[in-house]
Amino acid sequence: MNTRNKRFAAIGAALAAVLVSGAALAQEGTVQADTQRDVNQQNRIEQGLQSGQLSTKEAGQLERQEKHVDNIQARDLKNGSVSPAEQQRLNAAQSRVSQDVYADKHNGVTGNPDSKSSRRMQADVQRNANQEQRIENGEKAGQLNNRQVGRLEHGQAKVDRKEANAAANGHVGGGEQARIQGSENHQSHRVHHARKEG
């Protein structure tokens, strides 16, 4: 191979490396944006509970939808990346939750933010937001890769399911909250361990 061809080959290899690393960075940015959207949704649900715009039952229904979103993320990240079609499906699911949070907060149904049940749900939802924030922070710091994020989102889906089931009748009892907190503790350890591994 002559010098000119070697130079073109080296330039081509360098461009390919830049394109691959650029695509990887874009992928990481997309996954982080999805996690940030999870944080935002959880915060909006908690704010609705605190203001009385959401009843405990409505918050439980929204947590069921959050479970669906977290399961989509977990499934899509199993192979370490998200395809454009998967991203589109996830965006649509997150947009539905966002629209439903808005609709539920403005439908005239109110909750009692000072009731024990609402306070329990507020604490559980706030903990969800905190866990999602820890996952996002791990992504930003390079401590978590996409596969790890997917596994952690699967754990978040399990917590969301427990919250949804507990609030299905509009009341979260002390025993139900204790079970939810047990799951939250398990998830917290998983996040901590995954970030240390990274």
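Just a few scattered comments:
- Evaluation of GLU163 against the conditions (1) more than 22 Å from THR30 (Cα to Cα); (2) surrounded by fewer than 22 Cβ atoms within 10 Å (Cβ to Cβ); (3) of a type outside the set (Val, Ile, Thr) shows that the sole unmet condition is (2).
- Failed item, numbered, when GLU63 is tested on (1) within 30 Å of ALA123 (Cα to Cα); (2) modelled with pLDDT under 95: (2)
- Pairs, first in contact (Cβ under 8 Å) with a residue 12 or more places away in the chain in region 179-192, second in a helix (DSSP H, G or I) and acidic (Asp, Glu), C-beta under 7 Å, six or more apart: ILE180/ASP124; ILE180/GLU163
- A single member of GLN87, GLN122 is in contact with a Leu (Cβ under 8 Å, 6 or more places away or on another chain) and in contact (Cβ under 8 Å) with a residue 24 or more places away in the chain, and it is GLN122.
Yes or no, residue by residue, for (1) closer than 20 Å to GLY173 by Cβ; (2) part of a helix (DSSP H, G or I):
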| residue | (1), (2) |
| --- | --- |
| LEU54 | yes, no |
| VAL69 | no, yes |
| VAL82 | no, no |
| ALA85 | no, yes |
| ASP104 | no, yes |
| SER117 | yes, yes |
| ASP124 | yes, yes |
| ASN130 | no, yes |
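- The residue list ASP114, ASP124 contains one member that is under 16 Å from GLU46 (Cα atoms), modelled with pLDDT of 95 or more, of a type in the set (Asp, Glu) and crowded, with 18+ Cβ neighbours inside 10 Å, which is ASP124.
- Across region 170-198, the qualifying residues are those that are part of a loop (DSSP other than H, G, I, E, B) and within 12 Å of MET121 (Cβ to Cβ), and the one among them that is most open to solvent (accessible area, probe 1.4 Å) is HIS171.
The values are calculated or read from the model by the stated rules, or taken from the named source; none is laboratory data. Just so you know, these numbers come straight off a predicted model, no measurement behind them. Glycine also receives a Cβ, built like all others from the backbone with ideal geometry; neighbour counts cover every protein chain displayed. Only protein heavy atoms, including side chains, enter the accessible area calculation; ligands, DNA and RNA are left aside. Shrake-Rupley method; radii C 1.70, N 1.55, O 1.52, S 1.80 Å.
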